[in-house]
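The values are calculated or read from the model by the stated rules, or taken from the named source; none is laboratory data. These figures come from a predicted structure and were not determined experimentally. Here the Cβ is made from the backbone with ideal geometry for all residues, glycine too, and neighbour counts use every protein chain on show.
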DNA sequence: CGATTATATCAATATTTTTTGATATAATCA
DNA sequence: TGATTATATCAAAAAATATTGATATAATCG
């Protein structure tokens, strides 16, 4: 199920942290941009995450791919950078499904 | 963090399914019992889960231990059986923490 | 254009998680 | 009591994930 895959994405402390960073991201090391929804400035690029978490580049790339694959994160290439945005809609869907599956509230 | 550990518990399709079964459990293969909160009949024993999911006993044991360790499931030994109950409070805590961490709603 | 910078991917390794079968414990039943 | 039944645990194997370093791609900068 979709929720299992998302739980799996959230089950790594690094990815969980990155998601929180994205949610809270304002502008970054990289040039300030708007996302496609016109909100501005939001998003983080790989390099920012690397620096923030002191991780090597391929490791960041790997985890971002995992996150993007679940839909929890959207990406937007911009010049030589790639920006990432938290997808709140998807997060909410996850929570709502949990509530349904586990009879909450 | 606690939420990472819980996500990890939810990230296995079998455990996710068992949780749903527990939430929906009424009475079972084993004698009908009440849980310590006096609600009755609820809970499932190992054997029920084994049969339902066609899993060997040690595998069920392993997954139940994982679930109990997160607090998502409570256990109650009763004679030679062990009954399991979904802990809705813990599930709600998880959801609430998600909302806070990811700025939902 | 060539050099630099950002990111992706790949193969090898390491680590973690899951599964199995065997054995242990402990309660009930006859 | 001994036999049976339910569950736990353990060691080994299998499978899945994560990490690293190397190399590839592709955009920008001078």
Quiz prompt | Residue ID - nearest to the chain's Cα centre (by Cα), chosen from residues in segment B:51-105 that are on the phi > 0 side of the Ramachandran plot and more than 11 Å from DNA strand D (Cβ to nearest atom) | solution = B:71
Exercise. Report, by residue number, each residue of segment A:11-20 that is more than 10 Å from DNA strand D (Cβ to nearest atom) and either at the interface with chain B (Cβ under 7 Å from one of its Cβ atoms) or crowded, with 22+ Cβ neighbours inside 10 Å (or both).
Key: A:16, A:18, A:19, A:20
Quiz item: Among the residues of segment B:66-105, which ones are surrounded by 18 or more Cβ atoms within 10 Å (Cβ to Cβ), more than 10 Å from every other protein chain (Cβ to nearest Cβ) and within 25 Å of residue A:86 (Cβ to Cβ)?
Solution: B:70
Quiz item: For segment A:58-88, how many residues meet the condition of being in a helix (DSSP H, G or I) and at pLDDT below 95?
Solution: 1
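Kindly indicate the residue of segment B:25-45 that is within 11 Å of the chain's Cα centre (by Cα) and outside any strand (DSSP E or B) and also modelled with the highest pLDDT among those meeting that condition. Even if it seems obvious, please write down each step before you answer.
Looking only at segment B:25-45, we keep the residues that are within 11 Å of the chain's Cα centre (by Cα), and these are B:25, B:43-45.
Retained after the next criterion (residues that are outside any strand (DSSP E or B)): B:25, B:43.
Details: B:25: 79, B:43: 71.
Filtering first and then ranking leaves B:25.
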